[in-house]
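The values are calculated or read from the model by the stated rules, or taken from the named source; none is laboratory data. All figures in this text were calculated on a predicted structure; none of them were measured in a lab. Glycine also receives a Cβ, built like all others from the backbone with ideal geometry; neighbour counts cover every protein chain displayed.
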Amino acid sequence: MIVLVPTMGCLHEGHLSLIRRARKLAGAQGKVIVTIFVNKTQFGPGEDFGNYPRTLKRDMALCRELGSDVVFAPSDKAIYTAGHSTFVVESRLAKRMEGASRLTHFRGVTTVMAKLFNLVQPDAAVFGAKDWQQAAVIRQMTGDLNFPVRIVLAPTVRESDGLAMSSRNNHLCAAEREQATVLHAAIRAARAAVKNAPAPLPAGMLRRKLTRLIDKQRLAKLDYIEFFDPTTLEPAKRVSRGTHMALAVFLGKTRLIDNGRL
Ligand code: AMP
């Protein structure tokens, strides 16, 4: 069994948890293949492709330590050969949230994933719940295009103060890092509101309440908060236990995302 763990590198505990999960899935006889590729087509103009953290040597050592069998770290040119002109587009789940804020983002994600599935031919691929919409879009593409690949989702790994681990946390200055806990605080506040409410809460009302919470952090600028069905990603007008929430917040120039079940 071949298990793929696709990453953009600058590995942290979140990535490492996926590699451990892959190792377990593959078993002693199977192969774990970690890809490290900062995929330029999923970055928009003016986004952080150029200064995305790249720490390949350290990443390779971590992969070895965790018992991955192969690290595939191709060059840009190897993946996008000169004159590349074919893209893979998921046209429903990819429209809202991250897709609305970053217009060509998911087109880049599904294109590179289709390429990696073809190149590696894995039986399974492990993704983090941290990027909930991304996992849903990839799962949809995998089914729609008949890739014989099982999509496995692993839980979000967090710092001790609740901040979801992310390579982009490296870009935060000390003050931004402190205020970045507001993403998880907003999810927890929503969870508490839902738990204490006698009936489903109107999404607009809950969004306004959480927006006020985020606005209190001077360095935080809200991009979006959405409530939705965890499987179909259909927006929820009323929010109750089991509704999923996702949000994106800028801390200075760094854009962070998080999500959770309420
Ligand atoms: P990235 O390198 O950011 O493209 O992420 C590669 C994979 O790691 C994706 O499947 C992410 O969802 C997953 N991942 C990133 N951060 C975390 C985290 N904090 N916990 C669990 N998985 C994560």
If you scan the range 232-259, which residues turn out to be touching a His at 6+ places or on another chain (Cβ under 9 Å) and closer than 19 Å to Lys130 by Cβ?
Leu233, Leu251, Thr254, Asp258, Asn259
Kindly indicate whether Ala114 is touching a residue at least 40 places away in the same chain (Cβ under 8 Å), of a type in the set (Gly, Ala, Ser) and buried (at least 18 other Cβ atoms within 10 Å of the Cβ).
no
Kindly check whether there is at least one residue in the range 123-141 that is buried (at least 17 other Cβ atoms within 10 Å of the Cβ), within 14 Å of the ligand (Cβ to nearest atom) and assigned to a loop (DSSP other than H, G, I, E, B).
no
State which residue is surrounded by the fewest Cβ atoms within 10 Å (Cβ to Cβ) when the search covers only the range 34-63 and only residues that are touching a residue at least 60 places away in the same chain (Cβ under 8 Å), within 10 Å of the ligand (Cβ to nearest atom) and outside any loop (DSSP other than H, G, I, E, B).
Gln42
Failed item in (1) under 18 Å from Glu226 (Cβ atoms); (2) at pLDDT below 95; (3) of a type in the set (D, E, K, R), with Lys130 passing the rest
(2)
Can you run down the residue pairs with Cβ atoms below 7 Å, 6 or more apart or on separate chains, where the first is in the range 169-194 and not assigned by TED's automatic domain parsing to the domain that holds Pro53 and the partner is among the hydroxyl-bearing types (Ser, Thr, Tyr) and outside any loop (DSSP other than H, G, I, E, B)?
His171/Thr254; Leu172/Thr254; Glu176/Thr254
When only residues in the range 221-262 that are touching a Phe, Trp or Tyr at 6+ places or on another chain (Cβ under 7 Å) and of a type in the set (A, V, I, L, M, F, W, C) count, which is farthest from Arg158 (Cα to Cα)?
Ala236
Could you tell me whether any residue of the range 196-207 is surrounded by fewer than 19 Cβ atoms within 10 Å (Cβ to Cβ) and in contact with a helix residue (DSSP H, G or I) (Cβ under 7 Å, 6 or more places away or on another chain)?
no
Say we look at the range 12-33 and pick out the residues that are within 16 Å of the chain's Cα centre (by Cα) and more than 8 Å from the ligand (Cβ to nearest atom); which of these is nearest to Ser167 (Cα to Cα)?
Leu16
Mind listing just one residue for me: the one in the range 66-104 that is out of contact with any helix residue (DSSP H, G or I) (no Cβ under 6 Å at 6 or more places or on another chain) and part of a strand (DSSP E or B) and, of those, nearest to Thr142 (Cα to Cα)?
Phe72
Restricting attention to the range 146-160, and to residues there that are loosely packed, with under 14 Cβ neighbours inside 10 Å and out of contact with any Asp or Glu (no Cβ under 9 Å at 6 or more places or on another chain), which single residue is nearest to Ala186 (Cα to Cα)?
Ser160
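Quick grid of which residues meet (1) under 18 Å from the mean Cα position of the chain (by Cα); (2) within 19 Å of Lys130 (Cα to Cα); (3) away from the ligand (no atom under 16 Å from the Cβ); (4) in a strand (DSSP E or B):
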{"position": "Asn169", "(1), (2), (3), (4)": "yes, yes, no, no"}
{"position": "Ala175", "(1), (2), (3), (4)": "no, no, yes, no"}
{"position": "Leu183", "(1), (2), (3), (4)": "yes, yes, no, no"}
{"position": "Ile187", "(1), (2), (3), (4)": "yes, yes, no, no"}
{"position": "Ala190", "(1), (2), (3), (4)": "no, yes, yes, no"}
{"position": "Lys195", "(1), (2), (3), (4)": "no, no, yes, no"}
{"position": "Leu206", "(1), (2), (3), (4)": "no, no, yes, no"}
{"position": "Ile214", "(1), (2), (3), (4)": "no, no, yes, no"}
{"position": "Arg218", "(1), (2), (3), (4)": "no, no, yes, no"}
Condition test on Lys209, is it free of Cβ contacts under 8 Å to residues at least 24 places away in the same chain and out of contact with any Cys (no Cβ under 8 Å at 6 or more places or on another chain)?
yes
